[in-house]
Amino acid sequence: MISSAPAGFDQYRNDIPRGAIETIEYDSTTVGNTRKALVYTPPGFSSENTYPVLYLLHGIGGDEMEWQQHGSPQIILDNLYNDNLLEPMIVVLPNGRAMPNDRAEGDLFDPEKIKAFERFESDLIHDLIPYIESNYSASTTRDNRAIAGLSMGGGQSLNIGLGNLNHFAWVGAFSPAPNTKAPELLLPNPQEAISLLSLLWISCGDQDNLIQISVDVHQYLEQQDVPHIWYEESGGHDWPVWKNDLYLFSKRLFK
Ligand code: FER
C-alpha cells in the first residue's frame, strides 16, 4: 500500500540548500535544429561527482517548461534531498514534441504533432542523452538512467523506456495517454524486462478518463509476472496527481 506524499511536500521551505535549474540548447540531428531542455542539478552539485539522470517528460499541452510552470519539481526535489529521501540526481526536462515548431500551440492533436512525440525517441537517444552525458558529470550506464513522464510523456516513457532497456533501468508512467503502445507490443519479451528492469511504475488518478490504458498495461504485466508498481490514487488528469507521482517515484530511484 502506497501512501500519498506528506503534507507540505511541494511547499517552499526557507533556509534549505537549493538545486539549480538552467536552460540548455542541443543540436538535434533528428529534427535538424537546435532544441531546448531544462536541466536541474541537485543541491551541492559538483562536477567531481558522477550523477544518475532522470529524464522527466511533459504532456500534450506543454513543452520543456511545463513541469516547472505547474509541477514545482525543484521544490519537491529540494525538500526530498533535505529530508535525506533522494539520491542526488540530475533531472532533465526535455521537449518531447520533436519537430521544428515544438511549442504547444494550435491544434495539439494534429497528427503531425502526435507523430513528433514518437519521433522524440530518436532525439532523446541520439541527440539529448549524448549531449547531457558529454556536458554534465552524468553517469552513462543504464542502471543510472530513468525515464518518466505525465500523460503523453507517460506513454513516451513506456514506449521509449521499455523499448530501449539497454538505455533505461527505471521507467515511470504517470497517467499514460493513448499514445501508449499495446501492452504486448510494449513488452514482447517479458523475460528480458524481468531481468533488466530496476523499477517499473504506473500510476493514475481514479477520476482520470484515461485510466483504462494504465489498467490494461498493469494487467498484462501481472499476467506475465513482470514486477511493477501499480498505484491508483485519488484524483483526475491533473497536477496534484503528477506532483504526488514525482515525489513517490523519484524517491525510489537509483537505490
Ligand atoms: C488522447 C487523449 C489525451 C490522446 C492524447 C491525450 C494521442 C494526451 C493527454 C495529455 O498529454 O495530457 O486521445 O491521443
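Where a number appears in this text, it was derived from the coordinates with a stated rule and is not lab data. What you are looking at is a predicted structure, and each value in this text was computed from that prediction instead of being measured. Quick reminder, even Gly has a Cβ in these numbers, built from the backbone with ideal geometry, and neighbours come from all protein chains shown.
Based only on other Cβ atoms within 10 Å, what is the fewest-to-most ordering of SER3, SER134?
Working: SER3 7, SER134 10.
Lowest count first: SER3, SER134.
Classify segment 158-255 from the C-alpha gyration tensor, please: rounded if a/c falls under 1.5, else prolate or oblate depending on whether a/b exceeds b/c.
oblate
Out of ASP102, ASP78, ASP216, any idea which swings most in a Gaussian network model of the chain, alpha carbons joined below 10 Å?
ASP216
Suppose only helical runs count, i.e. DSSP H with n ≥ 4. What mean residue ellipticity at 222 nm does that imply for the chain under -39500 (n - 2.57) per run, divided by all residues and rounded to the nearest 500 deg cm²/dmol?
-9000 deg cm²/dmol
So what's the gap between the Cα centers of segment 1-45 and segment 223-255, to the nearest angstrom?
Here the answer is 18 Å between Cα centres.
Per residue and in cubic angstrom, what volume does the convex hull of the Cα atoms of the chain have? Present the calculation step by step, with values, prior to reporting the outcome.
Details: hull volume 30.2 nm³, N = 255.
For the chain, the hull spanned by Cα atoms encloses 119 Å³ per residue.
Hey, which of these cross-link pairs are over 29 Å Cα-Cα: LYS113/LYS255; LYS181/LYS251; LYS36/LYS115?
On the way: LYS113/LYS255 36 Å; LYS181/LYS251 27 Å; LYS36/LYS115 19 Å.
Check vs 29 Å cut-off fails for LYS113/LYS255.
Counting other C-beta atoms within 10 Å, and keeping those with at most 13, which DSSP coil trypsin sites (Lys or Arg not before Pro) do you find in segment 37-116?
Working: sites: ARG97, ARG103, LYS113, LYS115; in loops: ARG97, ARG103.
Here the sparse-neighbourhood loop sites are ARG103.
Quick one: which residues, 5+ away or cross-chain, put their amide H under 5 Å from the amide H of LEU57? H built at 1.01 Å from N.
Under 5 Å from the amide H of LEU57: ALA148, GLY149, LEU150.
Give the calculated FRET efficiency between LEU185 and ASN82 to the nearest 0.05, with a Förster radius of 41 Å applied to their Cβ-Cβ distance. Walk me through the numbers on the way to the answer.
Numbers: r = 41 Å, r/R0 = 1.01.
That gives a FRET efficiency of 0.50.
Go through segment 191-196 residue by residue and turn each phi into a ³J(HN,Hα) via Karplus (6.51, -1.76, 1.60, θ = phi - 60°); whole Hz please, and just put x for glycine and proline.
Rounded to whole hertz, the list is 4, 5, 4, 4, 7, 9.
With charges set only on the Cβ (+1 for Lys and Arg, -1 for Asp and Glu), what does the dipole of segment 1-122 come to about its Cα centre, in debye to the nearest 20?
Working: 9 positive and 19 negative charges, 8 e Å.
So the magnitude is around 40 debye.
Return the sequence-ordered ³J(HN,Hα) values of segment 2-15 in whole Hz as given by the Karplus equation 6.51 cos²θ - 1.76 cosθ + 1.60 applied to θ = phi - 60°, using x for Gly and Pro.
9, 8, 5, 4, x, 3, x, 4, 10, 9, 4, 10, 6, 6
Rank these for me by crowding, TRP239, TRP67, TRP170, going from fewest to most other beta carbons within 10 Å.
Listing TRP239, TRP67, TRP170 from fewest to most nearby Cβ atoms yields TRP239, TRP170, TRP67.
Which residue, chosen from SER28, TYR231, GLN207, occupies the Cα position most advanced towards the positive end of the dipole of the chain, where the dipole is computed from +1 (Lys, Arg) and -1 (Asp, Glu) charges on Cβ about the Cα centre?
Working it through, the farthest residue towards the positive pole turns out to be SER28.
Charges only on Cβ, +1 for Lys and Arg, -1 for Asp and Glu: so what's the dipole of segment 133-216 about the Cα centre, in debye to the nearest 20?
About 180 debye.
Using Cβ counts within 10 Å as a stand-in for footprinting exposure, how do HIS70, HIS58, HIS218, HIS126 rank, fewest first?
Working: HIS70 17, HIS58 28, HIS218 21, HIS126 13.
Fewest to most other Cβ atoms nearby, the residues stand as HIS126, HIS70, HIS218, HIS58.
Given a Förster radius of 41 Å and the C-beta distance between ILE194 and ASN33 as r, what FRET efficiency does 1/(1 + (r/R0)^6) yield to the nearest 0.05?
The calculated FRET efficiency here is 0.55.
Based on DSSP loop calls and a cut-off of at most 12 other Cβ atoms within 10 Å, the longest stretch of the chain free of exposed GluC sites (Glu not before Pro) is what? Walk me through the numbers on the way to the answer.
Values: sites that count: GLU48, GLU105.
Maximal segment without exposed cleavage sites: 106-255.
Work out from phi, with θ = phi - 60° and the Karplus expression 6.51 cos²θ - 1.76 cosθ + 1.60, the ³J(HN,Hα) of each residue of segment 93-99, listed in order in whole Hz, and give x for Gly and Pro.
Per residue, the Karplus-derived 3J(HN,Hα) values read 10, x, 9, x, 9, 7, 8 Hz.
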